[in-house]
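K.L.:
This is the structure I want to talk about, given as structure tokens.
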Amino acid sequence: MTDQDSIQFTEAEESSKQLAIELEQKQNKLAQMTPSTPPLERADIQFQISSIMNELKRPGMQTAAWGMTKESFQIYLEAKRWEEAVECCDLLYQTDQPASITALGNGLWLAVTYPINTELSILMLNNLIDDTPDNSDGAAVAAATAHYLADIRLEGEKRDSTMFLTLNMLSKVAERHSQIDSQEKFNLWMQRLELTDPSIFLKRLGMVIDAIVGENWWYDRDALRAELPVN
């Protein structure tokens, strides 16, 4: 082991110890809560505990993190706290449990439907890209949606910098999908896959999410759609 490796190992060990201390503190805080504790306060601390458990990745911790995070998700969902609900879905996906792909699908629908933090929506779409085969049109649709959301949700320099990143996402997907290596080929690829028309690629994204989730929806999408403001 080199000196650099030794330093990195020591830093990782120290970080793990600090996380374990923080975990114990938050678990004690959770244990002190009573039935009268506001549900959102409980959801917040459970999510924090689950995040640490998932980071530590000790035996059994990711399974425990899944259960606590799913409870927090339900609380956030009932409170219509969409951003926190999506954060839970991202963590559930990260725990790498049997239903993690279902969590990704449920989170994606919320992340695209509601105007939450754009970076979080893009993160969820990038999760989908990472979880699909290189030749999957689903990855292309996800990247196009990320680029579109950056365009319509953001303004000014933040919009410009984020769209630069999402365009890079699109380019990487094009390269792995069809070995695209020039602007001309990229433009033709976008047209061929109909990635320039939101009315088309958003509908295709919906089909991809439907295929991921199947019958395992954790909420009533029709009821949520009915509550959306009419444009």
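K.L.:
Sort through 221, 176, 192 and tell me the only one that's touching a residue at least 60 places away in the same chain (Cβ under 8 Å) and assigned by TED's automatic domain parsing to the domain that holds residue 138.
P.N.:
221
K.L.:
Further, regarding this structure: With the condition kept exactly as written, say whether any residue in region 59-77 is of a type in the set (Asp, Glu) and either closer than 13 Å to residue 120 by Cβ or outside the structural domain of residue 47 (by TED's automatic domain parsing) (or both).
P.N.:
The answer is no; no qualifying residue exists.
K.L.:
Please work out if residue 111 is surrounded by 24 or more Cβ atoms within 10 Å (Cβ to Cβ), closer than 24 Å to residue 226 by Cβ, at pLDDT 95 or above and in contact with a helix residue (DSSP H, G or I) (Cβ under 9 Å, 6 or more places away or on another chain).
P.N.:
The answer is yes for residue 111.
K.L.:
Condition check: loosely packed, with under 10 Cβ neighbours inside 10 Å, among the β-branched types (Val, Ile, Thr), modelled with pLDDT under 90 and out of contact with any Lys or Arg (no Cβ under 7 Å at 6 or more places or on another chain). Does residue 2 satisfy that?
P.N.:
So residue 2 fits the description; yes.
K.L.:
Considering (1) farther than 27 Å from residue 30 by Cα; (2) under 15 Å from the mean Cα position of the chain (by Cα); (3) β-branched (Val, Ile, Thr), say which one residue 95 fails and leave the rest.
P.N.:
Failing condition for residue 95: (1).
K.L.:
Cβ contacts < 6 Å: first residue surrounded by 15 or more Cβ atoms within 10 Å (Cβ to Cβ), restricted to region 138-167; second residue of a type in the set (Lys, Arg) and assigned to a helix (DSSP H, G or I), any location; separation 6+ or different chain. Result?
P.N.:
141/204
K.L.:
Just to be sure before I move on: is residue 97 within 29 Å of residue 18 (Cα to Cα), out of contact with any Phe, Trp or Tyr (no Cβ under 8 Å at 6 or more places or on another chain) and either surrounded by fewer than 19 Cβ atoms within 10 Å (Cβ to Cβ) or not assigned by TED's automatic domain parsing to the domain that holds residue 225 (or both) in the structure I sent?
P.N.:
Here the answer is no, as residue 97 does not meet what is asked.
K.L.:
With the condition being at pLDDT 95 or above and within 23 Å of residue 120 (Cβ to Cβ), I'd like the helices (runs of 4 or more DSSP H) fully within region 144-231 carrying at least 2 qualifying residues.
P.N.:
Ranges flagged: 156-178, 198-213, 221-227.
K.L.:
Within region 88-105, can one find any residue that is farther than 28 Å from residue 176 by Cβ and not acidic (Asp, Glu)?
P.N.:
Yes: region 88-105 contains one or more residues that are farther than 28 Å from residue 176 by Cβ and not acidic (Asp, Glu).
K.L.:
What is the one condition in (1) assigned by TED's automatic domain parsing to the domain that holds residue 215; (2) under 27 Å from residue 226 (Cβ atoms); (3) within 11 Å of the chain's Cα centre (by Cα) that residue 88 does not satisfy?
P.N.:
With respect to (1) assigned by TED's automatic domain parsing to the domain that holds residue 215; (2) under 27 Å from residue 226 (Cβ atoms); (3) within 11 Å of the chain's Cα centre (by Cα), residue 88 is out only on (1).
K.L.:
While we're here: Which one of the conditions (1) without any contact (Cβ under 8 Å) to a residue 60 or more places away in the chain; (2) buried (at least 17 other Cβ atoms within 10 Å of the Cβ); (3) among the aliphatic types (A, V, I, L, M) does residue 212 fail to meet, given that it meets all the rest?
P.N.:
(1)
K.L.:
Say we look at region 128-143 and pick out the residues that are acidic (Asp, Glu) and either not assigned by TED's automatic domain parsing to the domain that holds residue 117 or not in a helix (DSSP H, G or I) (or both); which of these is nearest to the chain's Cα centre (by Cα)?
P.N.:
Looking at the filtered set, the residue picked out is 131.
The values are calculated or read from the model by the stated rules, or taken from the named source; none is laboratory data. No experiment lies behind these values; they were computed from the predicted model shown. Neighbour counts run over all protein chains shown; Cβ positions are idealised from the backbone, glycine included.
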